[in-house]
1. Over the chain, calculate the relative contact order: mean separation of alpha carbon pairs under 8 Å at least 6 apart, over the residue count, as a percent.
2. How much length, in nm to one decimal, is gained on full extension between Y260 and D84, taken as 0.36 nm per residue of separation minus their Cα-Cα distance?
3. In whole Å, how far is the Cα centre of region 130-155 from that of region 34-69?
4. Which FRET efficiency value, to the nearest 0.05, do you get for K139 and A216 by plugging their Cβ-Cβ distance into 1/(1 + (r/R0)^6) with R0 = 35 Å?
5. Just to be sure I understand the model, the point goes 7 Å from the Cα along the line to the Cβ. What's the resulting A223 to Q61 distance in nm?
6. Check D184: other-chain or 5+ apart residues with amide H under 5 Å from its amide H, H built from backbone geometry?
7. Under the rule a/c < 1.5 gives rounded, and otherwise a/b versus b/c splits prolate from oblate, where does region 41-112 land using the Cα gyration tensor?
8. Can you put V35, V26 in order of Cβ neighbours within 10 angstrom, beginning with the fewest?
Amino acid sequence: MAMKVQLALLTGGSSGIGLAVATELVKNGASVILVARREELLAKAKTGLERIAAQNVFRVQIHTLSLDVSDANKVNRMIPPLLDKTGTPDFCYIGAGIAHPNHFEKITREIFQRTMDVNVGGTWNILSTVVPRMKTEGKGTIAIVSSLAGLVGTYGYSAYAASKFALVGLSQCLRNEFKSDGIDVKVLCPQDTDTPQLAAENKTKPDETRRISRNASIMSPQAVAKALVKELGSKKFLIIPGAMGKTGWLTYRLFPRLVYRKFDREVSYVRKRKATS
Ligand SMILES: NC(=O)c1ccc[n+]([C@@H]2O[C@H](COP(=O)([O-])OP(=O)(O)OC[C@H]3O[C@@H](n4cnc5c(N)ncnc54)[C@H](OP(=O)(O)O)[C@@H]3O)[C@@H](O)[C@H]2O)c1
């Protein structure tokens, strides 16, 4: 890690990739603020991180805040007093997110709205409270978690990909907008990663989606976290952890029709099998 993080705020820091990032930071001596809804997960994460800090003989602070990031009023009410106490984070990881893959017709308006409210609205709400403080400090790093699905849309991910493409757009705008204020904005686009979210996705994933991703490798949250933390302080904007993700993105950029053709072939295969079974 080129940048020495003192205090990080992590939404979605109680589980999966967010917890792995928090772990990596604490191992390097950073204090963290974990934001998520479920208090029991937050408490478990705090205990685990305190143990890691003790092993490394670091006197770091582990703060937790139970908060739904999609609730702008609560974010505005709860984050500022906390930051008054802790100080301004020099790193903000925005990873609170949800995914409910399914056929377009099976994704209700409510699920679509909730996906946008948490993934995009939640990011907006948190940034609205943190960025003015970072600007006052004249420094800070922000990592917004999108997805490979925020770069290449695939079957079953219409609501999720809409939210994650929005985050790539938001990150691009903010990178440009905040650079001269000393704030570095990065966007993280992981491939499938072994977390509770992926396990939940597998319950509603259409067969066509499974077929398309059947040969895709799954990364560990620790590997994703390491790939992100390694780039803190670097000039890199788009962070795609893992060889499969990088190759997939490059292939899509160079030969988009090849990728579309492959996706379409996989869908036809599943549809034909269904028709004959
Ligand atoms: N796993 C993958 O394959 C994959 C791939 C690409 C991108 N991503 C993205 O990576 C990020 C982390 O996902 P993950 O896979 O690590 O999932 P995860 O283990 O399920 O973690 C999600 C985290 O977000 C929190 N969260 C969810 N909704 C929230 C809300 N409304 N307010 C506050 N916190 C909320 C969860 O805690 P509570 O539920 O207790 O609030 C949890 O801490 C997400 O943005 C996801 O879309 C994941």
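1. Numbers: 487 pairs, mean separation 53.6, N = 277.
For the chain, the relative contact order is 19 percent.
2. On the way: separation 176, 0.36 × 176 = 63.36 nm, distance 4.95 nm.
Once the chain is fully extended between Y260 and D84, it gains 58.4 nm.
3. When both Cα centres are located, 22 Å separates them.
4. Values: r = 37 Å, r/R0 = 1.06.
Once the sixth-power term is evaluated, E becomes 0.40.
5. Inter-label distance under the simple model: 3.6 nm.
6. Amide H to amide H, under 5 Å and 5 or more residues apart or across chains, D184 pairs with G140, T141, I142.
7. Values: a/c = 3.21, a/b = 1.73, b/c = 1.85.
The shape class here is oblate.
8. Working: V35 30, V26 24.
Ascending number of Cβ neighbours within 10 Å: V26, V35.
Laboratory data are not the source of any read-out in this text; all were calculated from the coordinates shown. Computed from a predicted model, the values in this text were never measured in an experiment. Note that we place each Cβ from the backbone using ideal geometry, even for glycine, and neighbour counts take in every protein chain shown.
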